[in-house]
1. Could you please state, rounded to a whole Å, how far the C-alpha centre of the range 101-123 is from the C-alpha centre of the range 182-229?
2. So how many Lys-Lys pairs in the range 124-216 land under 25 Å Cα to Cα, not counting same-chain pairs under 8 apart?
3. At 1.4 Å probe size, what's the solvent-accessible area of Ser107? Round to the nearest 10 Å².
4. What is the Cα radius of gyration of the range 166-247 over 2.2 N^0.38 Å, N being its residue count?
5. When Lys and Arg each count +1 and Asp and Glu each count -1, what net charge do the other residues less than 15 Å away from Leu105, Cβ to Cβ, add up to?
6. What FRET efficiency, computed as 1/(1 + (r/R0)^6) with R0 = 45 Å and r the Cβ-Cβ distance, is obtained for Lys30 and Arg208, rounded to the nearest 0.05?
7. Just to be sure I understand: if I project the alpha-carbon convex hull of the range 100-247 onto a plane and average over all orientations, what area do I get in nm²?
8. Please give, to one decimal in nm, the separation of the simple spin-label points placed at Phe190 and Lys118, each 7 Å out from Cα toward the Cβ.
Amino acid sequence: MRYLVSVFVVFCSISCVLLKELPEYIQVCKRDPSTLDDCILKSIEAIKPRIILGIPELGVPAIDPFLIPEIKAPTTDNLNIRFMARDVKVTGGGDFKIKSLSVDLDSLTIKAHIRFPKLHFEGDYKIDGQILIVPLNGEGKFHSDAVKCDAELIFRLQVVPQDGVDYLKFNKIDIDINVRDYRIKLDGLFNGDKSLGDAANAAINQNRGEFLKVSKPYLEKTVSKFILDVANKVVDGLTLDQLLPKP
């Protein structure tokens with residue numbers, strides 16, 4: 001799910017970061033509660049074309065396409081499957097929509113809700129286990145389409161005094177990822193036997209809700225850790241007054 005990370009980092013950088021040399025395409029948002037939320041939304045929309053292609057000076061990679069090194073789904077009591085995908089290419093991330101965004105200056109939290117209307121995934125997979133009485137064992141290429149992928153984010157910050165100057169630091173980032181629906185197709189099952197492969201793919205898609213459920217905690221933890229690291233690198237060395245200038 002790191003296709004989501006690029007957009008999340010932009011939220012951090014625009015709402016909380018004034019670069020040492022601010023690019024002209026970023027609109028400055030002052031520390032005014034009455035205008036801050038709207039200002040940030042407009043800033044993101046203004047640089048959306050750059051977000052899609054990537055913004056090296058902000059440490060933001062391109063999001064369309066975006067590459068995910070690895071996705072895992074562990075075995076559980078309800079799902080006797082081990083699944084791993086590698087080198088996953090994701091397209092459609094550039095069509096993200098900002099459903100809501102709010103900043104609380106008193107508690108130093110940022111809440112954001114974003115949606116990706118449709119995402120396409122493709123990459124290499126390896127699977128081992130079974131669904132009901134259908135055995136699954138194989139590896140090859142996979143393709144998947146997901147619709148209405150939502151992410152609720154809460155960025156938590158703190159003020160860190162140092163040498164008489166206040167700095168900001170990201171303490172924690174909470175993420176709740178939800179996918180309305182998706183379909184997946186695994187090529188190469190049963191050594192390419194079409195009838196057995198079709199039956200196995202049908203069984204997988206009939207149980208796709210449970211499959212997503214067991215993957216969700218792993219994805220959220222991975223994405224949260226990555227964003228926290230990148231966000232703190234972005235704000236490192238910048239003061240509170242630089243990051244959030246007073247009106």
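The values are calculated or read from the model by the stated rules, or taken from the named source; none is laboratory data. Note that the coordinates shown come from a computational prediction; the quantities given were computed from them, not determined experimentally. No Cβ is skipped: glycine too gets one built from the backbone with ideal geometry, and neighbour counts run over all protein chains shown. When the accessible area is computed, the model is the full protein with side chains, heavy atoms only, and any ligands, DNA or RNA have been set aside. Shrake-Rupley method; radii C 1.70, N 1.55, O 1.52, S 1.80 Å.
1. Using only Cα atoms to place each centre, the spacing works out to 23 Å.
2. 17
3. 60 Å²
4. The value comes to 1.83.
5. Once all neighbours under 15 Å are counted, the net charge is -2.
6. FRET efficiency, Lys30 to Arg208: 0.50.
7. Averaged projected area of the range 100-247's Cα convex hull equals 11.3 nm².
8. 3.0 nm
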